[in-house]
Amino acid sequence: MDEVLHVPVLVEETICNLVDEKTEVFVDATMGLGGHSYEILRRFDRIKVVGFDVDEDELEIAKERLKEFGNRVFILRENYRNMANALQKIGIQMVDAILFDLGLSSYQLRSKRGFSFQEDEFLDMRMDIREEVTAYDVVNRYPLTKLVEILRNNSDENEALRIAKAIVNRRKTKYIETTRELAEIVEKAKRKKGRVHPATLTFQAIRMEVNREVENLKMGLVNACRILKKRGKIGVISFHSVEDRIVKEFFKNESSLKPVTKKPITPEREEILKNPRSRSAKLRVAEKV
Ligand SMILES: C[S@@+](CC[C@H](N)C(=O)[O-])C[C@H]1O[C@@H](n2cnc3c(N)ncnc32)[C@H](O)[C@@H]1O
């Protein structure tokens with residue numbers, strides 16, 4: 001069942017670089033369906049895992065899946081940007097290793113919340129349904145300049161202005177409600193059409209805005225540094241250049257961290273063949289000094 005819902009990426013590489021026999025507390029900042037946590041709990045019987053996620057549905061599945069590990073698992077429905085406080089509340093001050101596996105799970109992509117333009121769904125895109133702002137609000141209410149800014153900053157979209165203008169133009173006559181409507185507007189607006197669907201970067205940018213992914217990642221990394229023991233490790237798996245840049249810069253500039261690998265770790269060919277979603281994954285690891 002688990003394989004079908006979401007296949008975790010770079011599992012061996014993550015475990016090799018973040019965990020060993022001396023690890024006591026491991027924080028899974030993006031627990032999702034618990035793929036990475038499961039493997040860690042299974043292989044190291046002394047480790048306790050604290051998992052964070054904002055997606056209630058996923059955490060229900062993770063809970064069920066990890067229940068065999070009993071009180072070695074704590075699951076918190078909490079944004080990882082607040083991890084230091086949340087851990088303190090359960091009596092944990094410092095931890096040995098922290099993993100951020102960024103982006104969306106395959107389960108979320110199919111969750112009918114408007115993350116994918118493969119189906120025609122309402123433009124929601126919230127990972128945390130307690131939040132108020134949806135993609136519908138971003139697309140129909142943001143001013144032109146703000147739309148251009150998020151398309152450029154969140155996805156390096158080259159045709160940001162053309163796309164933003166097309167969105168603003170359409171919504172003068174009709175609100176844009178569904179994924180297909182948005183994808184068609186972008187497809188028509190873009191001059192350059194490459195191998196990937198022309199709306200891919202727009203969807204990424206809007207999803208990142210709705211879920212405040214850049215801000216969360218920056219705050220999450222700062223929080224992670226605060227609670228990491230000396231010689232503890234942080235690992236971040238990112239899936240696109242905007243995320244990877246933030247992580248790379250943070251590891252370089254944060255004086256309490258030393259990058260463990262100069263270049264990011266990428267999946268072996270075999271993994272990419274088995275799980276094509278892994279092809280853009282990059283793992284960066286840093287150590288607390
Ligand atoms: C790629 S998935 C993780 C998959 C997980 N490693 C597994 O094997 O099942 C990324 C997860 O991060 C969660 N997420 C995104 N932003 C978050 C945040 N600020 N705080 C907590 N969880 C977050 C998403 O809801 C999603 O479940």
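Bear in mind that the values in this text are calculations on the coordinates, not laboratory data. Just so it is clear, the model here is predicted, and its values are computed rather than measured. Neighbour counts run over all protein chains shown; Cβ positions are idealised from the backbone, glycine included.
Report the net charge of residues surrounding Phe26, where surrounding means a beta-carbon distance below 9 angstrom and charges are Lys +1, Arg +1, Asp -1, Glu -1.
-2
Can you say what percent of the DSSP beta bridges in the chain, counting only those with both residues inside, are antiparallel? Round to 5.
For the chain, the DSSP antiparallel bridge percentage is about 40.
Just grab the label-to-label distance for Met94 and Ile129, each label 7 Å out from Cα along the Cβ direction, in nm (one decimal).
4.1
I need the peptides 177-189, 140-152 ranked by packing, meaning the mean over residues of other C-beta atoms within 10 angstrom, with the highest value on top.
Put in order of decreasing packing, that is 177-189, 140-152.
Of the GluC sites (Glu not before Pro) in segment 220-282, which ones lie in a loop per DSSP and count no more than 13 other C-beta atoms within 10 Å?
Passing both the DSSP loop test and the Cβ count: Glu268.
So, in Å, what gap is there between the alpha-carbon centers of segment 115-183 and segment 44-64?
About 31 Å separates the Cα centre of segment 115-183 from the one of segment 44-64.
Roughly how many nanometres apart are two label points built 7 Å out from the Cα toward the Cβ at Asn169 and Arg269?
4.6
Springs between alpha-carbon pairs under 10 angstrom, Gaussian network model over the chain: which of Asp55, Asp120, Asp45 fluctuates most?
Among Asp55, Asp120, Asp45, the largest mean-square fluctuation in the Gaussian network model of the chain belongs to Asp45.
Which value results for Rg/Rh of segment 132-210 when Rg is the Cα radius of gyration and Rh the Kirkwood radius based on the inverse mean 1/r?
Answer for segment 132-210: 0.91.
Run a plain Debye calculation on segment 1-152 (Cα atoms as equal point scatterers, no solvent) and give log10 I(q)/I(0) at q = 0.17 Å⁻¹, rounded to two decimals, same order as the q list.
Result of the Debye calculation: -1.00.
Measuring from the lowest to the highest alpha carbon on each principal axis, how far does the chain reach, largest first, in angstroms?
In descending order, the Cα extents are 61, 40, 39 Å.
In segment 1-95, what trypsin sites (Lys or Arg not before Pro) fall in a loop by DSSP, with at most 10 other Cβ atoms inside 10 Å?
The qualifying sites are Lys22, Arg46.
Give the Rg (one decimal place) followed by the Dmax (whole number) of segment 138-268, computed from C-alpha coordinates and expressed in Å.
17.9, 58
Expressed in nm to one decimal, what extension gain is obtained for the pair Arg212 and Glu56 from 0.36 nm per residue of sequence separation less their Cα-Cα distance?
Roughly 54.4 nm would be gained on extension.
Need one number: nm distance between label points at Lys229 and Asp156, each 7 Å from Cα along Cα→Cβ, rounded to one decimal.
It is 3.8 nm.
What share of all Cα pairs of segment 1-88, in percent, falls into each consecutive 5 Å distance bin?
3, 14, 27, 26, 21, 8, 1
Name the long-range amide H neighbours of Asp55: under 5 Å, sequence gap of 5 or more, or other chain; modelled H, no Pro or chain starts.
none
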